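So the structure is just underneath, and the comments pick up after that.
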There are 2 protein chains.
Amino acid sequence: MGRWEPNARGRLADAALKLYAEQGFDRTTVAEIAASVGVTERTFFRHFTDKREVLFYGAEAALELVTRAVAEAPESASPMVAVSGALQAFGAFFQEDPRRARDRDAVVSASAELRERELVKLDAFSLAMAGALRERGVEPRTATLAAEAGAAAFKIAYAEWMAIGRSGEKDRELPGLFLEVLAELTSVLDATRD
Amino acid sequence: MGRWEPNARGRLADAALKLYAEQGFDRTTVAEIAASVGVTERTFFRHFTDKREVLFYGAEAALELVTRAVAEAPESASPMVAVSGALQAFGAFFQEDPRRARDRDAVVSASAELRERELVKLDAFSLAMAGALRERGVEPRTATLAAEAGAAAFKIAYAEWMAIGRSGEKDRELPGLFLEVLAELTSVLDATRD
């Protein structure tokens, strides 16, 4: 990063998100994004490979956060408890800036291509958590099941959190909502024998 | 379909799968596929929009099968029981021709792009099952949870079934393997309170 561009990456990401939300993802050019924060297109491309990548800014850091949380869960924690703790931390990460999360979500939801990209990203989180569980000595199948169950509950809690934000209802905290959905998932599965 | 091409669609799909497996997906051309069953490229494109679509041949029929199974589950069935029954039927669909399923899987697994496509397809199954449950009067969150839990268990059972097929171990039936994985998912979630 050049010394005349302090935090250019973060400022470019914010500006891009704002433009995508205002005028649509497809209609926003890299030139506009760069101009809106006073840098050149070349600077943009030093930070992001393309327009789409801006939307997944922070994903690597979040993936590392979640993986580390699974790895560092207390030795006595069951696989599901380790995953649950990690995903509560992930929820807290979004909860820090709900407005930004919602602006971003509106852009992603409006495009089939971006929704697919999001699905693939969520799968990467599930794979990373399963890997961290196996490192803890958990059987492969159990590791994958705990990670997938956590990811499914998180996906649903996240969608509800977004819907609540749009509806103007009293706000909910994402980590708590996630725990509630996970508990309901447990009940739904318990009814397998009905 | 012209009268000189009885079941051209099925024959094209079989021939394509064989060529993909033998020489790789990327190195196989539509011209080769068409020639190998004695039709023109134009005939190929009357049945499939592209080379990739051949791999997802039958997906619409399977989606319909699964959705109908959820809709037609006994009234007394819990959401999870309805989903479980539908996915056992889905497993039986693959079990009819394990060799074909494995040839196809080898091709899909070898390509990041095709693996992403597969993930998106599985999500479509989950969405369809959740929709069918809502039609039965199930609450939206419960419907999505049951569908996602079933899809997660199916994905894992399917991957294990593929691995068993490659390893030459004694074969397992996919529907039974799915039930076993679903039962383990229930136990994994029950340990949330440990």
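Numerical summary
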read-out	value
Scope segment B:95-106; condition open to solvent by 40 Å² or more (accessible area, probe 1.4 Å), within 13 Å of B:Pro175 (Cβ to Cβ) and part of a helix (DSSP H, G or I); matching residues	none
Complete set of residues in segment B:166-179 that are out of contact with any Phe, Trp or Tyr (no Cβ under 9 Å at 6 or more places or on another chain) and under 22 Å from B:Ala62 (Cα atoms)	B:Gly176, B:Leu179
Qualifying residues in segment A:107-116 (those that are buried (at least 16 other Cβ atoms within 10 Å of the Cβ) and touching a residue at least 60 places away in the same chain (Cβ under 8 Å)) - the one farthest from the other protein chains (Cβ to nearest Cβ)	A:Val107
Filter pass, B:Ala157 being within 10 Å of another protein chain (Cβ to nearest Cβ), small (Gly, Ala, Ser) and within 18 Å of B:Val108 (Cα to Cα)	yes
Yes/no for A:Val120 being touching a helix residue (DSSP H, G or I) at 6+ places or on another chain (Cβ under 7 Å), at the interface with another protein chain (Cβ under 8 Å from one of its Cβ atoms) and either surrounded by fewer than 15 Cβ atoms within 10 Å (Cβ to Cβ) or more than 20 Å from B:Asp190 (Cα to Cα) (or both)	yes
Selection status of B:Val81, in contact (Cβ under 8 Å) with a residue 60 or more places away in the chain and under 24 Å from B:Ala147 (Cα atoms)	no
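Listed here are the residues, each with its yes/no results for (1) part of a helix (DSSP H, G or I); (2) touching a strand residue (DSSP E or B) at 6+ places or on another chain (Cβ under 8 Å); (3) buried (at least 21 other Cβ atoms within 10 Å of the Cβ); (4) charged (D, E, K, R).
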| position | (1), (2), (3), (4) |
| --- | --- |
| A:Arg141 | yes, no, no, yes |
| A:Glu148 | yes, no, yes, yes |
| A:Arg166 | yes, no, no, yes |
| A:Glu180 | yes, no, no, yes |
| A:Ala183 | yes, no, no, no |
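The values are calculated or read from the model by the stated rules, or taken from the named source; none is laboratory data. If you're wondering where the values come from, they're calculated on a predicted model, not measured in any experiment. Glycine also receives a Cβ, built like all others from the backbone with ideal geometry; neighbour counts cover every protein chain displayed. Ligands, DNA and RNA are excluded from the accessible area calculation, which covers all protein heavy atoms including side chains. Shrake-Rupley method; radii C 1.70, N 1.55, O 1.52, S 1.80 Å.
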